[in-house]
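Worksheet for the structure shown next.
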Amino acid sequence: MTIMHEVQMKSPLHHLPRLSAMLDREIWIKRDDANGDLLTAGNKKRKLQYLLADAIQKGADTVITTGGPNSNHARATAAMAIQRGLKPVLVLGGHKPESKKGNHLLNHFMGVEVVFSGASTHEEMEQALNEHAEKVKEEGLRPYVIGVGGSNGLGSLGFVDAYFELKEQAAEKKVQFDWLFVSAGSGGTIAGLIYGCCQHKDSTRIVGVSPWLKTAEIKVKMEACLQEAASLKGDCRNLSLDGLPVYIHDEYVGAGYGCPTDGGMEALHLLASKEAILLDHVYTAKAMAGCIDYIRKGKVRPGEKVLFWHTGGTPGLFAVSG
Ligand SMILES: Cc1ncc(COP(=O)(O)O)c(C=O)c1O
């Protein structure tokens, strides 16, 4: 089966010399925050290169998706839909914010049709999304529906490719990673990386840090993406996370989704002050807090090499104050 997708420019891979010196471990970063402009950059771009190619192949004229009120995925979907001549419609959870900040402001600049459904869980958001898609069809449009985070097997293929990209860059730079840390929200990003890692028979340990859901909930989503991505690749094995060197943590969430934590804010300040790299408080700062915690607790041993996968989310940072 030929799966249509666009080819992504490589995102930079580089060493973090000052952070490494401070934490006494060799730390590298994969810059998916730098894989586009502020409207398109981030991990979602890789999934959308598969999902939007599918939408176009299926003759859609509208792309409709969901997420939280300040969703990075929804903003990136809107931007990439516009660039491909498709009409974006966002059915976001929660309620209309009082002022336009962060991704909400960017959606406003793009003139995107945004509906706030009041939904709070992924399931409620997807229900509101599907209901709205029916209305859009009644208006005579041909919507392509993308669920929370663009996390399904097709979207995850973008991260199977991303792992291959990493391998090539790591070989050029003569580095092999013992650990890979990444934010794990709706699970599609980490599932693709895990499948890529298995394809290479690499022993890299992959650590996913939750911004919201419980570990068990994320694992269910990850396994669904893993299984679906594998079958799209013609791999009929019954895949499970059991026995793989994969660790999912929900203890860095703090008070809840989008609520800054002390560890996350420390990570954000450290990356900005030592390396002039911005993390976001919702996803990447908490993932980096997990990475720093592993290092400080000695779980990452001296001499081991660490990769932090920066998944973007920078515009979301501008919805909070310092
Ligand atoms: C900046 C950022 N990082 C990480 C994630 C988590 O990725 P995934 O939903 O594929 O697990 C998201 C998802 O919304 C995100 O916006």
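No value in this document is a laboratory result; all are computed from the given coordinates. Not measured: the values here are computed from a predicted model. Neighbour counts run over all protein chains shown; Cβ positions are idealised from the backbone, glycine included.
Computed values, structure above
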{"read-out": "Positive dipole terminus of the range 44-150, leading residue within Gln83, Gly68, Val148 (C-beta point charges)", "value": "Gln83"}
{"read-out": "Approximate spin-label separation Arg84-Asn130, in nm, with each point projected 7 Å along Cα-to-Cβ", "value": "2.3 nm"}
{"read-out": "Coordinate range along principal axes, alpha carbons of the range 44-150, Å, largest first", "value": "37, 24, 23"}
{"read-out": "Overall dimensions of the chain by Cα: Rg and Dmax, Å", "value": "18.7, 61"}
{"read-out": "Extension gain from Phe109 to Ser240, taking 0.36 nm per residue of separation minus the Cα-Cα distance", "value": "42.9 nm"}
{"read-out": "Ranked by how many other beta carbons lie within 10 Å on average, peptides 284-293, 108-117, 133-142 from highest", "value": "284-293, 108-117, 133-142"}
{"read-out": "Computed over the range 180-225, the ratio Rg/Rh where both radii use C-alpha atoms and Rh is Kirkwood", "value": "0.96"}
{"read-out": "Protection proxy ranking of 150-157, 77-84, 294-301 - average other beta-carbon atoms within 10 Å, highest first", "value": "150-157, 77-84, 294-301"}
{"read-out": "Centre separation in Å (Cα based) which lies between the range 86-131 and the range 266-322", "value": "27 Å"}
{"read-out": "Cα extents of the range 18-64 along the three principal axes, largest first (Å)", "value": "53, 17, 14"}
{"read-out": "Spatial extent of the range 107-209: Rg and Dmax, with the Cα atoms as the point set, Å", "value": "18.3, 56"}
{"read-out": "The range 142-267: translational diffusion in µm²/s, Stokes-Einstein, Kirkwood Rh over Cα pairs, 25 °C, 0.890 mPa s", "value": "161 µm²/s"}
{"read-out": "Dimensionless Rg ratio for the range 188-322, taking C-alpha atoms and the 2.2 N^0.38 Å reference", "value": "1.11"}
{"read-out": "Inter-part distance where the range 1-72 and the range 170-202 are each reduced to a Cα centre, Å", "value": "14 Å"}
